[in-house]
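Peer 1: I am attaching a structure below and will ask some questions about it afterwards.
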Amino acid sequence: TRTPVNVTVTGAAGQIGYALLFRIASGHLLGADVPVKLRLLEIPQGLKAAEGTAMELDDCAFPLLKGIDIFDDPNQAFEGANVALLVGARPRTKGMERGDLLSANGGIFKPQGKAINDHAADDIKVLVVGNPANTNALIAQAAAPDVPAERFTAMTRLDHNRAISQLAKKTGADVTDIKRLTIWGNHSATQYPDVFHAEIAGKNAAEVIGDQAWLADEFIPTVAKRGAAIIEARGASSAASAANAAIDHVHTWVNGTAEGDWTSMGIPSDGSYGVPAGLISSFPVTCKDGKYEIVQGLDVNEFSRARIDASVAELIEERDAVRELGLI
Ligand code: NAI
């Protein structure tokens with residue numbers, strides 16, 4: 001029998017946590033033959049609700065779930081963690097300046113990064129979901145100098161999945177026919193969903209669509225502002241779809257991308273495509289044997305270049321702001 005994989009989830013009592021934990025426990029995160037132990041981190045006010053969720057997890061009698069522990073101390077929660085899903089974050093509230101938002105999140109992601117550094121397993125893989133995800137990942141990574149930098153990633157898979165779904169709707173194709181889509185840049189309204197290298201049933205997506213105005217005026221804003229549209233419709237932010245994307249991100253990272261396809265992940269730049277090294281930015285990546293690689297050699301046309309640069313400029317601003325605050 002396999003040793004269970006320790007999965008730490010922060011913000012476990014939140015709405016994404018509620019949608020995420022049951023799918024981890026049922027085997028969707030790592031694979032249908034991989035036993036897991038859950039380590040839940042909450043703030044003291046969230047502990048009781050986390051205990052309630054743990055009771056429900058017990059009540060599912062999931063064959064793969066080998067334990068649930070709940071903590072309000074990151075040092076304990078990340079002890080022996082193989083996978084860490086950093087979901088809990090400080091949301092932006094009305095009237096909050098960016099500096100306040102970044103410092104509040106620095107207060108969460110810096111100690112969590114340090115706890116990962118000091119207590120996680122050697123093979124730790126980290127996904128940051130909590131917003132601003134890319135910059136929170138950068139803060140956590142900077143606090144974990146002993147962990148290889150590439151183990152810190154930020155989630156743009158929800159954007160990736162949203163873009164695939166919009167393309168399928170527009171063209172009448174099946175979602176499974178859409179490959180090689182890329183989200184570039186920041187998980188924010190400046191993100192750039194790129195279809196120029198994407199394929200729809202084997203044909204170039206931009207050519208199949210043949211309508212640059214639709215791309216610029218409909219597709220890109222629809223994908224970039226989908227989060228706000230969900231809030232408007234649901235009265236609450238994306239939760240099950242965000243949890244699903246977190247599952248997809250880690251599953252792909254661990255189990256690999258399909259031959260001929262790629263995915264999008266926020267990862268530390270190595271300088272590829274003119275993105276300054278060290279920034280955590282979304283790229284097209286292939287995954288194999290638990291490692292990812294940036295897809296190289298793609299032609300970036302003028303339309304794409306301007307949009308990638310704009311999103312990267314925002315990431316640079318965020319990085320400079322957290323640097324000034326002494327968070328990295
Ligand atoms: P929520 O407010 O329902 O839950 C957040 C939970 O985190 C709460 O239970 C809270 O007590 C907990 N928490 C706060 N600080 C913590 C800390 N220091 N340690 C442990 N737990 C802590 O929020 P929801 O809807 O679950 O969203 C979580 C985050 O995910 C938000 O930042 C949201 O913006 C982000 N998000 C990111 C997406 C992406 O695509 N990257 C998509 C959707 C949401």
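The numbers here are math on the coordinates, done by the rules we state, and not lab data. The structure presented is a predicted model; accordingly, all values stated were derived computationally and were not measured. Cβ sites come from the backbone with ideal geometry, for glycine too, and all protein chains shown count toward neighbours.
Peer 1: Could you work out the Rg to Rh ratio of segment 157-318, with Rh taken as the Kirkwood radius (inverse of the mean 1/r over all Cα pairs)?
Peer 2: With Rg and the Kirkwood Rh in hand, the quotient comes to 0.94.
Peer 1: Rg/Rh for segment 5-154: what does it come to with C-alpha atoms and Rh from Kirkwood?
Peer 2: My calculation puts Rg/Rh at 0.97.
Peer 1: Rank-order 101-108, 226-233, 134-141, 191-198 by packing density, defined as the average count of other C-beta atoms within 10 Å over each peptide's residues, highest first.
Peer 2: Output ranking for 101-108, 226-233, 134-141, 191-198: 134-141, 191-198, 101-108, 226-233.
Peer 1: Given the rule -39500 (n - 2.57) for each run of at least 4 DSSP H residues, summed and divided by the residues of the chain, what is its mean residue ellipticity at 222 nm, to the nearest 500 deg cm²/dmol?
Peer 2: -12500 deg cm²/dmol
Peer 1: Cβ neighbours within 10 Å, averaged per peptide: list 154-163, 12-21 in order, most packed at the top.
Peer 2: The packing order, highest mean first, is 154-163, 12-21.
Peer 1: Can you give the local net charge around L215? Use residues other than it whose beta-carbon is closer than 12 angstrom to its beta-carbon, Lys and Arg +1, Asp and Glu -1.
Peer 2: -3
Peer 1: To check my understanding: the extent here is largest minus smallest coordinate of the Cα atoms along each principal axis. What are those three numbers for the chain, in Å, largest first?
Peer 2: Projected onto the principal axes, the Cα atoms of the chain cover 52, 45, 39 Å.
Peer 1: At 0.36 nm per residue, minus the direct Cα-Cα distance, what do N75 and R23 gain on full extension? Give it in nm, one decimal, please.
Peer 2: Result for the pair: 16.2 nm of gain on full extension.
Peer 1: Rg and Dmax of segment 1-73, using alpha carbons, in Å: what are they?
Peer 2: 11.4, 37
Peer 1: List the residues, sorted by chain then number, that are 5 or more residues from V128 or on another chain and whose placed amide H is less than 5 Å from its amide H.
Peer 2: It is L86, T153, A154, M155, by chain and number.
Peer 1: To continue, here is another question. Scale the Cα Rg of segment 271-328 by the rule-of-thumb value 2.2 N^0.38 Å and send over the ratio, two decimals.
Peer 2: Rounded to two decimals, the normalised Rg is 1.31.
Peer 1: In segment 74-181, which chymotrypsin sites (Phe, Trp or Tyr not before Pro) fall in coil by DSSP and have 11 or fewer other Cβ atoms within 10 Å?
Peer 2: In loop regions of segment 74-181 (DSSP not H, G, I, E or B), there are no sparsely surrounded chymotrypsin sites (Phe, Trp or Tyr not before Pro).
Peer 1: Assign unit charges at the C-beta atoms only (+1 for Lys and Arg, -1 for Asp and Glu), then state the dipole size of the chain relative to its Cα centre in Debye, rounded to the nearest 20.
Peer 2: 380
Peer 1: Compute the normalised compactness of segment 177-241: alpha-carbon radius of gyration over 2.2 N^0.38 Å, N being the residue count.
Peer 2: Scaled against compact globular proteins, the figure is 1.24.
Peer 1: Among T176, T263, T53, which comes first, second and so on when ranked by fewest other beta-carbon atoms within 10 Å?
Peer 2: Lowest count first: T176, T53, T263.
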